[in-house]
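Here the structure is laid out as structure tokens; the discussion comes afterwards.
The values are calculated or read from the model by the stated rules, or taken from the named source; none is laboratory data. This one's a predicted model, so the numbers in the text were calculated from it and none came from an experiment. FYI the Cβ positions are ideal-geometry reconstructions off the backbone, even for glycines, and counts take in every protein chain you see. The area values use the complete protein model at the heavy-atom level, side chains included, leaving out ligands, DNA and RNA. Shrake-Rupley method; radii C 1.70, N 1.55, O 1.52, S 1.80 Å.
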Amino acid sequence: MKIGIFAMSTGKMIGGALLSCLASNAERLGASTLWVPEHVVLIDKYSSKYPYSQDGVLPAPTNAPIFDPFLSLTWMAAATKKIRLATGICLVPEHNPVVLAKVIATLDFLSGGRAILGVGIGWLEEEFQAIGIPWERRAHRTRECIDAMRRLWGDDLSSYRGEFVNFEGVRSNPKPVQGEKLPIFFGGESGPALRRVAEYGNGWVGFNLTPAEAAAKIKRLEQLLKANGRKLSDVELAVSPYTKQITKDDLKRYRDAGVEEVVLVNLRPPRAEEELVKDLEKIAQDWIEPAAKL
């Protein structure tokens, strides 16, 4: 059983020293993956419903400093050697896939093949409006983006024709170290989200799930994978308890459900390096070390 850490950004990270400290110490203490979120903008007043709170409101101030995920991961890559670097998640339909493919490939290249693209299709319609991307059919747009990026990562000379993405005879370099097999995890717990994993994902990251809830989702995912000629071992399974309170005993329950990595979001926003290291050492004692024994 592996433990990942959701690396929250704060206004105290000016200059990047705290972010480097977080990354290097998470690696030193045995964390498997660093996960970072993405929102290009937040909105003070919105009608969209955040899916992981009872009132539908994102439990964070709208002036929270959410860093660009790929700049953050590249910065942390420079401070580490082996820990995996994942978006949790990247709002792929908000991006131009030709540009995004280059960004991800560069991260994977410079990190020596440690990148994971965690993908979501978004919950905040008002963010899409601000960027100028249609909210409608964003799931299909995401599928085309992923297919096109895999072409760019794997083919020497790449072409793609779709409804939303079109290019002919282009060369995109450097290629990711992992090539077109760069892992793509889909976030989400809905039926459509699980179908995306089953149809064209390499992994799943479930959010705000207890072990019992994760087990039910994984059972359904296994059925969907079978319907697509695949098996559960074809994908990697990560789950974050997020707001759900868990104990050390729950690590075994997650493992028994098929979960391979538990992603912790309970790291306090760091204010100083000494405090951050102390918090990470407590996470190692409480979670990373017990998980490694399972």
Subject >> FRET E, pair Glu168, Lys278, Förster distance 45 Å, beta-carbon r, rounded to 0.05 >> reply: 0.25
Subject >> Residues whose placed amide H lies under 5 Å from that of Ile116, excluding near-sequence neighbours >> reply: Leu85, Ala86, Thr87
Original post:
Considering only DSSP beta bridges with both partners in the chain, what is the antiparallel share in %, to the nearest 5?
Top reply: 10
**OP:** Would you grab the residues whose amide H sits under 5 Å from the one on Ser48? Only those 5+ places off in sequence or on another chain, please, with H modelled 1.01 Å from N.
**Re:** Glu125, Glu126
**OP:** Determine the order of Lys181, Lys175, Lys102 by accessible area, beginning with the largest, at a probe radius of 1.4 Å.
**Re:** Lys181, Lys102, Lys175
Subject >> Whole-Hz ³J(HN,Hα) from phi, Karplus 6.51 cos²θ - 1.76 cosθ + 1.60, for the stretch 181-198, glycine and proline x >> reply: 8, 3, x, 10, 9, 9, x, x, 10, 6, x, x, 5, 5, 5, 4, 4, 5
Subject >> Order of exposure, largest accessible area first, which applies to Lys217, Lys231, Lys293, Lys49 with probe 1.4 Å >> reply: Lys293, Lys49, Lys231, Lys217
**OP:** Using a 1.4 Å probe and ignoring any ligands, DNA or RNA, find the accessible area of Val99 and quote it in Å² to the nearest 10.
**Re:** 90
Original post:
Looking at the stretch 93-134, which GluC sites (Glu not before Pro) are DSSP coil and have at most 16 other C-beta atoms within 10 Å of their C-beta?
Top reply: none
**OP:** Just subtract the alpha-carbon distance of Gln54 and Ser233 from 0.36 nm times their residue separation and send over the number in nm, one decimal.
**Re:** 61.1 nm
**OP:** Return the carbon/sulfur percentage of the accessible area of the stretch 127-237, one whole number, probe 1.4 Å, all protein chains in place.
**Re:** 48
Subject >> Among the listed pairs Lys49/Lys231; Lys82/Lys278; Lys82/Lys248; Lys102/Lys219; Lys231/Lys252, those beyond 28 Å (Cα-Cα) >> reply: Lys49/Lys231; Lys102/Lys219
Original post:
Among Val205, Val170, Val262, whose mean-square fluctuation peaks in a Gaussian network model of the chain (Cα, cutoff 10 Å)?
Top reply: Val170
Subject >> Estimated Rh, the chain: Kirkwood, alpha-carbon pairs, angstrom >> reply: 19.6
**OP:** Just check the stretch 149-294 against the gyration tensor rule for me: Cα atoms, a ≥ b ≥ c as the square roots of the eigenvalues, rounded for a/c under 1.5, and otherwise prolate or oblate depending on whether a/b exceeds b/c.
**Re:** oblate
Original post:
Which of Phe164, Phe128, Phe186 moves most in a GNM of the chain, Cα contacts under 10 Å?
Top reply: Phe164
**OP:** Per DSSP H run of at least 4 residues, take -39500 (n - 2.57); add these up for the chain, divide by its residues and hand me the 222 nm value, nearest 500 deg cm²/dmol.
**Re:** -11500 deg cm²/dmol
**OP:** Round to the nearest 10 and report in Å² the accessible area of His95, as given by a 1.4 Å probe over the protein chains' heavy atoms.
**Re:** 50
Original post:
So which aspartates and glutamates can Lys217 reach, going by Cα to Cα under 17 Å and dropping same-chain residues fewer than 8 places off?
Top reply: Glu189, Glu199, Asp234, Glu236, Asp250, Asp256, Glu260, Glu261
Original post:
Each residue of the stretch 200-210 in turn: what ³J(HN,Hα) in whole Hz from Karplus with 6.51, -1.76, 1.60 and θ = phi - 60°, glycine and Pro shown as x?
Top reply: 8, x, 9, x, 9, 10, x, 10, 6, 10, 6
Original post:
Shape call for the stretch 98-162 from the C-alpha gyration tensor, a ≥ b ≥ c root eigenvalues: rounded (a/c under 1.5), prolate (a/b greater than b/c) or oblate?
Top reply: oblate
Original post:
Each residue of the stretch 115-123 in order: what ³J(HN,Hα) in whole Hz does its phi give by Karplus 6.51 cos²θ - 1.76 cosθ + 1.60, θ = phi - 60°, with x for Gly and Pro?
Top reply: 7, 10, 9, x, 10, x, 9, x, 10
**OP:** Any chance you could run the full-extension gain for Ala212 through Glu260? It's 0.36 nm times the residue separation minus the Cα-Cα distance, nm to one decimal.
**Re:** 15.8 nm
Original post:
What dipole magnitude, in Debye to the nearest 20, does the chain give about its Cα centre under +1 on Lys/Arg Cβ and -1 on Asp/Glu Cβ?
Top reply: 640
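Roll a 1.4 Å probe over the protein chains and send me the accessible area per residue for the stretch 73-194 in Å².
On the way: 5100 Å² over 122 residues.
On a per-residue basis, the stretch 73-194 sits at 42 Å².
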**OP:** With a/c under 1.5 counting as rounded, go ahead and sort the stretch 235-282 into rounded, prolate or oblate using the C-alpha gyration tensor (a ≥ b ≥ c being the square roots of the eigenvalues; past the cut-off, prolate if a/b is larger than b/c, else oblate).
**Re:** prolate
